[in-house]
Structure formats: structure tokens, C-alpha cells
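Reviewing the structure listed below.
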């Protein structure tokens, strides 16, 4: 009986009701990468503006076309992701069309 009471007390004392994780513009490690149906989960299609764009990498290929990794999705020039469109991919930056305005986002080194 004492063990049961202690377990209930510990569970109640350790419970966090309104926990909020601040990802600091990085992928939330607590969010699953795979859906219950087995598909890859991406936050790329929820992009609605510049603040939502996370340029994670560029694979530069002058001859065959370059690709960029945006919020975990591999995209090519001309492709839309969420509410934005990729206009051009350079060696160190990507140019987007965001609400009719050209926005250049460069790679950053950490």
C-alpha cells in the first residue's frame, strides 16, 4: 500500500502540465520523424513566410541542377514548398519568392 501511494505521489510531483519546447529554429527532437502510417514527417509544407524557412544545406551541381534542403525537404529550382517558391539555388544561398518578393537566404556556418 505504501509503495502504491509513493508511486502516485512521484507521478503527480513529476508531471508537467504545460511544457513547451523552444527549438531555437532547429528541428524539435521530440517530434517524430515518421508518421503512424510509416511516412516521413516534414514541417516544410507549413512554411508561410521568411521566418519559417530553414535552409539546411545545398548540393551544388552546375551541370545537372542543384538541390537545396529546406526544412528537411529536398527541393529544386522552380519547386514550391508551402507558400514559397524556390527561384534559384546558388553555391552558398537560395533565392525564394515569398509573397511576390525575392528573398535571398544564405548558408550559415556553425
Since residue 13 meets every condition but one in (1) at pLDDT below 85; (2) under 23 Å from residue 101 (Cα atoms); (3) not in a loop (DSSP other than H, G, I, E, B), which condition does it not meet? (2)
If you scan segment 57-72, which residues turn out to be under 28 Å from residue 31 (Cα atoms), surrounded by 15 or more Cβ atoms within 10 Å (Cβ to Cβ) and touching a strand residue (DSSP E or B) at 6+ places or on another chain (Cβ under 6 Å)? 58, 67, 68, 69, 70
For segment 89-110, give me each residue that is at negative phi and part of a loop (DSSP other than H, G, I, E, B). 90, 91, 92, 107, 108, 109, 110
Go through the residues of segment 91-100 one by one and say whether even a single one is out of contact with any strand residue (DSSP E or B) (no Cβ under 8 Å at 6 or more places or on another chain) and over 24 Å from residue 34 (Cα atoms). yes
Taking into account only those residues within segment 34-47 that are in contact with a strand residue (DSSP E or B) (Cβ under 8 Å, 6 or more places away or on another chain) and at pLDDT 70 or above, which is surrounded by the most Cβ atoms within 10 Å (Cβ to Cβ)? 47
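The values are calculated or read from the model by the stated rules, or taken from the named source; none is laboratory data. Note that the coordinates shown come from a computational prediction; the quantities given were computed from them, not determined experimentally. Here Cβ is always computed from backbone atoms with ideal geometry, including for glycine, and neighbour counts include all displayed protein chains.
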